[in-house]
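J.: There's a structure below that I have some questions on.
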Amino acid sequence: MALDRWIALAFITLCCVYGYAAFFTMDDSLPPILRRNPIWPSTFPKMLAVAGIIVGLMVLFGPKTVKADSPAKPADGTMDIAKLREYQIIPALALVGLMLAYAMALRPLGFLGSTTLFLMLGAMILGERKLYILIPVSALAAWSIWYLVQEVLGIFLRPWPAFMA
């Protein structure tokens, strides 16, 4: 089985676990008055889980694309396991590690600090090196997201580190 199909199988498994949580465990803590609402807090996660399973099944059971002139070579856009070292795996793993560090840094650094650092370091991993662009763009993006969530939507996000609160 090709690598893209193995990834699709892992993605389907992840979506099934997420869907189980969305369909069976997320709504247990709702008060009875909210159970009559047409849209629950788990509505969007349910839609994401179903859509993810459908897309994963399409990749898993979809037709295999092979060029007609050379059946031994994979088609454009597919991964070749023999050339796995040529892919940019280290930056991809660095981004995943940065996402985990971002999740762990939200409380100690606050939303603005951790989001600004995440955006700056993520852009640096992807190849941007101009700090005079990275710093203001990252800070403006973090502040804009915080402002929309805090002031427009009314959802509290701690903007500053825990020791400043």
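The values are calculated or read from the model by the stated rules, or taken from the named source; none is laboratory data. Just so it is clear, the structure is predicted and the values come from calculations on it, not from any experiment. Cβ coordinates were reconstructed from backbone atoms using ideal geometry, including for glycine residues, and neighbour counts include every protein chain displayed. Heavy atoms of the whole protein, side chains included, go into the accessibility calculation; ligands, DNA and RNA do not. Shrake-Rupley method; radii C 1.70, N 1.55, O 1.52, S 1.80 Å.
J.: With a 1.4 Å probe and every protein chain left in place, work out the accessible area per residue of the chain in Å², rounded to a whole number. The partial results should precede the final answer.
T.: Values: 12260 Å² over 165 residues.
For the chain, the per-residue accessible area is 74 Å².
J.: Let me ask you something else. Can you list which of the trypsin sites (Lys or Arg not before Pro) found in the stretch 1-68 are DSSP loop residues with at most 12 other C-beta atoms within 10 Å? Intermediate results must be reported in sequence, preceding the final value.
T.: Details: sites: ARG5, ARG35, ARG36, LYS46, LYS64, LYS67; in loops: LYS64, LYS67.
Here the sparse-neighbourhood loop sites are LYS64, LYS67.
J.: Additional query: Leaving out ligands, DNA and RNA, what percent of the accessible area of the chain is carbon and sulfur, probe 1.4 Å?
T.: C and S atoms contribute 73 percent here.
J.: How charged is the neighbourhood of LEU3? Take every other residue with its Cβ under 14 Å from the Cβ of LEU3, and add Lys/Arg as +1 and Asp/Glu as -1. Provide the component values of the computation, followed by the final result.
T.: Numbers: positive: ARG5, LYS64, LYS83, ARG85; negative: ASP4, ASP80, GLU86.
The answer is +1.
J.: Divide the volume of the convex hull of the Cα atoms of the stretch 89-152 by its number of residues and quote the answer in cubic angstrom per residue.
T.: Details: hull volume 4.7 nm³, N = 64.
Dividing the Cα hull volume of the stretch 89-152 by its residue count gives 74 Å³.
J.: If each of ILE145 and LEU84 carries a label point 7 Å out from its Cα toward its Cβ, how far apart are those two points in nm?
T.: Going by the 7 Å Cα→Cβ label model, 3.2 nm.
J.: Kindly state, to the nearest 0.05, the FRET efficiency for TYR18 paired with LEU95, given R0 = 25 Å and r defined as their beta-carbon distance. List each step's numbers first, then the result.
T.: Working: r = 20 Å, r/R0 = 0.81.
Taking R0 as 25 Å, the efficiency between TYR18 and LEU95 is 0.75.
J.: Just the Kirkwood number for the stretch 3-64, please: inverse of mean 1/r across all distinct Cα pairs, in Å, one decimal.
T.: Numbers: mean 1/r = 0.0787 Å⁻¹.
Radius from the Kirkwood sum: 12.7 Å.
J.: Compute the orientation-averaged projected area for the chain from the convex hull of its Cα atoms and round it to one decimal in nm².
T.: Mean shadow area of the hull around the Cα atoms is 14.6 nm².
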